[in-house]
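The values are calculated or read from the model by the stated rules, or taken from the named source; none is laboratory data. Note that this is a predicted model, so its numbers are computed, not measured. Here the Cβ positions follow ideal geometry from the backbone for every residue, glycine too, while neighbour counts run over all protein chains shown.
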Amino acid sequence: MTIDSREFRDALGCFATGVTVITANPEGQQPFGMTVNSFASVSLDPPLVLWSLQNNSEMFDVWERASTFGVNILRADQQDLSNLYARKGDHLLEADHFVAGVTGVPVLPDSLVSMECEVEARYPGGDHTIIVGRVTAMENRDNGEPLLFCAGGYRELART
């Protein structure tokens with residue numbers, strides 16, 4: 001059986017996800033960020049998370065040099081940040097969007113949560129590379145609702 005890639009992508013789009021901006025500043029590189037919704041938890045002990053990077057991303061080589069990164073879980077009112085850092089060629093962090101975290105990783109101080117991570121492993125995953133990080137510092141701000149993405153658009157939580 002052959003799976004049509006467009007149909008597969010549409011099917012995966014039915015799975016609602018949170019939206020993150022993954023940030024880094026490897027040596028010799030200005031702080032940058034990318035919007036990512038391929039983020040997941042891996043382990044509580046040790047604290048591990050993962051995200052995946054498309055192998056043909058214009059940022060692939062820079063991410064290969066990064067030994068640390070930040071995961072910033074966006075609030076529902078941060079669609080503008082999501083859109084900004086999702087654009088090709090526009091990944092340098094604006095000065096008023098970030099601060100240096102506890103470990104020096106750039107973090108977005110207004111996000112719901114910021115995690116600072118050390119790269120634990122990289123794994124091939126088809127047309128992506130799976131990046132696993134060990135969380136070394138975290139700030140849970142709990143200052144709003146999460147930004148969600150599903151079926152090609154932003155969504156909001158409905159309280160029942």
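Observations
- Criterion (over 14 Å from the mean Cα position of the chain (by Cα), among the small types (G, A, S) and closer than 24 Å to R155 by Cα) met by exactly one of A100, A137, A76: A76
- Which listed residue, of G152, G104, is closer than 18 Å to P26 by Cβ and out of contact with any Asp or Glu (no Cβ under 7 Å at 6 or more places or on another chain): G104
- For V62, the test of being part of a strand (DSSP E or B), surrounded by fewer than 21 Cβ atoms within 10 Å (Cβ to Cβ) and touching a residue at least 24 places away in the same chain (Cβ under 8 Å) is failed.
- For region 1-18, residues that are aliphatic (A, V, I, L, M), assigned to a helix (DSSP H, G or I) and modelled with pLDDT under 85 total 1.
- Count - residues of region 113-155 that are assigned to a loop (DSSP other than H, G, I, E, B), surrounded by 13 or more Cβ atoms within 10 Å (Cβ to Cβ) and touching a residue at least 40 places away in the same chain (Cβ under 8 Å): 2
- Of the criteria (1) within 19 Å of T35 (Cα to Cα); (2) assigned to a loop (DSSP other than H, G, I, E, B), which one T103 fails: (1)
- Top-ranked residue of region 25-52 - restricted to ones that are among the aliphatic types (A, V, I, L, M) and touching a Lys or Arg at 6+ places or on another chain (Cβ under 9 Å), ranked as surrounded by the most Cβ atoms within 10 Å (Cβ to Cβ): V49
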